[in-house]
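Single-structure report; data block below.
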Amino acid sequence: MGETIPENRIKKLDSMFDAFSIVAEGTYVYVCDMRYDYSKWSRNAVYAFDLPGEYMYNAGGIWEEHIHPEDRETYHDGIDAIFSGAENGHDMQYRARKVNGEYDVCTCRGVVLLDDDSNPEYFAGVIRNHGIQGHIDALTGLRNQYGFFEDLDTHINRNSVARIVMVGISKFTEINEVYGYDFGNRIIQKVGRYLLEQVGNRGSVYRLDGTKFAVITATQEVPEILEKYKEFRTHFRSGFSIDDKVVILDLNGGLLTMDNFSVDVQTVYACLNFAYGESKIRRQGDMVEFYNDLTEDNRHRIEKLHAIRASVMQDYEGFFLMYQPVVDAQTEKLIGAEALIRWKNETYGMVPPDHFIPILERDALFPDLGKWVLRRALMDAKRILKSNPNFVVNVNLSYSQLEKVDFLDMVFGTLEETDYPPRNLCLEVTERCRLLDMTLLKNIVVNLRGKGVRIALDDFGTGFSSMGIVKNLPFDTIKIDRSFVLKLEEDDKEKELIGHFTGVANTFGAKVCVEGIETTGMRDILQNYNVQSFQGYYYSKPMVIEDFLAWADKR
Ligand code: C2E
Ligand code: MG
Ligand code: MG
């Protein structure tokens with residue numbers, strides 16, 4: 001080596017390189033003139049891996065520096081075999097380090113081309129970068145969820161403030177049903193392209209799952225984003241045409257400012273997803289900003305959530321259950337208790353469930369937490385059953401738990417493991433279950449009841465479609481939310497409402513539990529209605545199991 005390559009050889013190299021360069025994204029081409037060990041590499045490889053340039057002497061040695069130490073020996077041997085003439089091609093996989101220090105999995109396929117005297121002349125091939133390939137959404141060509149997480153991570157590591165927007169299409173299932181799946185795909189492509197054009201160089205656009213897109217921008221301020229979002233909505237609402245059809249779309253949007261870098265991407269994603277969900281469920285698609293739009297100081301909230309998520313993964317450290325008695329409405333004897341989750345740690349003290357359940361229930365790790373709650377509650381309740389065999393423990397469920405295919409197995413499995421009698425368990429679901437498929441839900445409820453497990457509808461009256469759900473599902477108990485009895489003593493309207501609610505429950509054969517009994521007066525009034533059980537501070541606030549056992553003993 002050491003000989004300088006002549007001009008005509010470089011020309012030949014270029015033309016060989018061009019011949020090899022008819023390739024897709026994420027694939028790099030290399031051609032090496034073996035006589036001079038002089039190579040040309042694709043420009044995108046030069047950028048991604050910070051190579052000295054497109055043209056390199058000793059590219060094999062330079063590339064070797066980028067190969068993961070564990071893969072280096074195999075690589076080195078492979079290249080040696082090529083240059084010594086022992087092999088005339090190779091096909092290997094290794095990890096290569098990019099500019100940001102991370103490794104991408106690459107497969108490298110190369111062949112040796114011989115000259116007229118059968119001596120090795122060129123070594124040429126392609127390197128396919130699976131790291132990059134895995135980050136592109138096939139339908140839209142945008143970066144996908146993995147790319148999104150990766151870029152989010154980069155922002156966090158660099159401590160650079162960014163705003164993250166999630167935009168999704170409303171009621172897309174209907175479009176798919178009416179026009180078919182292919183047409184639906186074309187809409188998604190069109191929306192992706194539109195976002196890409198509109199965002200331009202002010203941010204990056206991603207396609208997340210299904211009909212959700214995300215934008216990460218480091219330059220746009222909140223008012224500009226809100227303004228842009230309004231424009232997007234107007235644009236899609238005014239209808240656009242695909243083939244001969246005009247489609248009208250509505251959007252939902254969530255927004256979050258990331259300026260706290262002690263959190264991980266999953267926490268950011270959970271918060272963003274929460275804001276998006278609020279936009280969809282409660283704000284008819286108006287943009288919901290996680291940072292200021294929701295109550296409480298969210299700066300702390302994101303950090304806190306981060307800590308809470310971490311606890312789930314650290315064996316549920318800091319989580320515990322409290323139990324609030326449920327008593328018979330007439331005799332006021334203890335008949336059950338509701339298990340209520342809490343989280344406690346040194347920095348944040350005791351955190352009530354409202355601060356984390358609504359945000360985490362969309363999180364992938366929530367079902368694990370739900371299972372932990374059920375198991376813990378059953379183990380505690382077994383202690384109460386010893387002296388009170390008819391005792392029923394109530395456990396709250398989130399709709400996201402029900403959605404999991406193994407939900408029933410999880411419940412039955414936990415009952416079995418803990419050797420707990422199913423009829424002493426009542427699962428509370430809320431009206432938000434309407435977001436689930438009704439057939440699926442019915443199937444779950446029927447199965448549970450078949451084994452003796454009871455089902456209650458929690459927070460009755462607080463949602464839009466409490467009636468619908470009562471009509472469709474056979475509940476054992478309906479729990480009337482405390483917001484309906486707050487002013488029971490002075491307000492006749494509330495009394496009237498209670499009358500209606502108990503009427504509905506009766507019609508469908510369900511019992512009624514009223515929550516939030518705080519005074520003797522409330523109790524006295526409610527005893528005149530068709531209500532079977534009470535729960536409230538008047539009897540007791542939620543207690544840890546030891547206190548609960550002592551309390552139950554005294555009664
Ligand atoms: P919920 O299931 O409706 O639980 C009743 C809530 O009302 C509890 O709040 C309880 O402490 C409170 N409460 C009961 N009686 C009174 C009263 O007389 N006065 C007042 N002011 N409040 C009363 P908590 O423990 O903060 O729980 C809030 C919500 O968090 C629960 O509402 C439930 O939806 C959710 N949650 C709690 N634990 C779990 C859980 O393990 N899993 C799931 N998915 N959700 C849970
Ligand atoms: Mg409840
Ligand atoms: Mg409730």
Just to verify a result, which residue in the stretch 343-366, among those that are without any contact (Cβ under 8 Å) to a residue 12 or more places away in the chain and closer than 17 Å to Thr430 by Cβ, is surrounded by the fewest Cβ atoms within 10 Å (Cβ to Cβ)? Asp354
Where in the stretch 470-555 are there helices (runs of 4 or more DSSP H), lying fully within it, with 1 or more residues that are modelled with pLDDT under 95 and surrounded by fewer than 17 Cβ atoms within 10 Å (Cβ to Cβ)? 492-507, 545-554
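One line per residue, one yes/no per condition, for (1) modelled with pLDDT under 95; (2) within 16 Å of ligand 3 (Cβ to nearest atom):
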{"residue": "Phe356", "(1), (2)": "yes, no"}
{"residue": "Leu360", "(1), (2)": "yes, no"}
{"residue": "Asp368", "(1), (2)": "yes, no"}
{"residue": "Ile384", "(1), (2)": "no, no"}
{"residue": "Thr414", "(1), (2)": "no, no"}
{"residue": "Asp419", "(1), (2)": "no, no"}
{"residue": "Leu427", "(1), (2)": "no, yes"}
{"residue": "Lys442", "(1), (2)": "yes, no"}
Within the stretch 94-112, residues in contact with a helix residue (DSSP H, G or I) (Cβ under 8 Å, 6 or more places away or on another chain) and either assigned by TED's automatic domain parsing to the domain that holds Arg158 or not in a loop (DSSP other than H, G, I, E, B) (or both) come out as Tyr94, Arg95, Ala96, Arg97, Tyr103, Asp104, Val105, Cys106, Thr107, Gly110, Val112
Looking at (1) acidic (Asp, Glu); (2) under 21 Å from Tyr47 (Cα atoms); (3) modelled with pLDDT of 85 or more, can you tell me which one Glu102 breaks? (3)
Would you point out which residue out of Leu196, Leu256, Leu251 is within 17 Å of Glu289 (Cβ to Cβ), touching a Ser or Thr at 6+ places or on another chain (Cβ under 9 Å) and in contact (Cβ under 8 Å) with a residue 12 or more places away in the chain? Leu251
If you take just the helices (runs of 4 or more DSSP H) that sit entirely in the stretch 116-197, which of them hold at least 1 residues that are at negative phi and aromatic (Phe, Trp, Tyr)? 145-158, 172-179
List the strands (runs of 3 or more DSSP E) inside the stretch 330-418, counting only whole elements, that have at least 2 residues being in contact with a strand residue (DSSP E or B) (Cβ under 7 Å, 6 or more places away or on another chain) and within 16 Å of ligand 2 (Cβ to nearest atom). 334-345, 392-396
Can you confirm whether the stretch 272-282 contains a residue that is within 20 Å of Gln189 (Cβ to Cβ) and either modelled with pLDDT under 90 or more than 21 Å from the chain's Cα centre (by Cα) (or both)? no
If we scan the stretch 447-467, do we find a residue that is within 16 Å of ligand 3 (Cβ to nearest atom), free of Cβ contacts under 8 Å to residues at least 40 places away in the same chain and hydrophobic (A, V, I, L, M, F, W, C)? yes
Those residues of the stretch 525-547 which are among the β-branched types (Val, Ile, Thr) and within 16 Å of ligand 3 (Cβ to nearest atom), in sequence order: Val531
Cβ-Cβ distance below 6 Å, separation of 6 or more or different chains: which pairs start in the stretch 327-341 with a residue that is in the same structural domain as Ser387 (by TED's automatic domain parsing) and farther than 13 Å from Val514 by Cα and end on one that is among the charged types (D, E, K, R) and surrounded by fewer than 20 Cβ atoms within 10 Å (Cβ to Cβ)? Leu334/Arg555; Ile335/Asp328
Determine whether the stretch 422-431 contains at least one residue that is within 16 Å of ligand 1 (Cβ to nearest atom), without any contact (Cβ under 8 Å) to a residue 60 or more places away in the chain and surrounded by fewer than 18 Cβ atoms within 10 Å (Cβ to Cβ). no
Please give the number of the condition Ser118 fails out of (1) touching a Ser or Thr at 6+ places or on another chain (Cβ under 6 Å); (2) in the same structural domain as His68 (by TED's automatic domain parsing). (1)
Looking at the stretch 109-148 only, could you name the residues that are at pLDDT below 90 and aromatic (Phe, Trp, Tyr)? Tyr146
Given (1) closer than 20 Å to Val326 by Cα; (2) of a type in the set (A, V, I, L, M); (3) within 16 Å of ligand 2 (Cβ to nearest atom), where does Ile469 come up short, assuming only one miss? (1)
Suppose we filter Ile22, Ile5 for residues that are part of a loop (DSSP other than H, G, I, E, B) and modelled with pLDDT under 85; which single one remains? Ile22
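The values are calculated or read from the model by the stated rules, or taken from the named source; none is laboratory data. A quick note: this is a predicted structure, and the numbers were derived from the prediction, not measured. Counting neighbours? That spans all protein chains shown, and the Cβs are built from the backbone with ideal geometry, glycine included.
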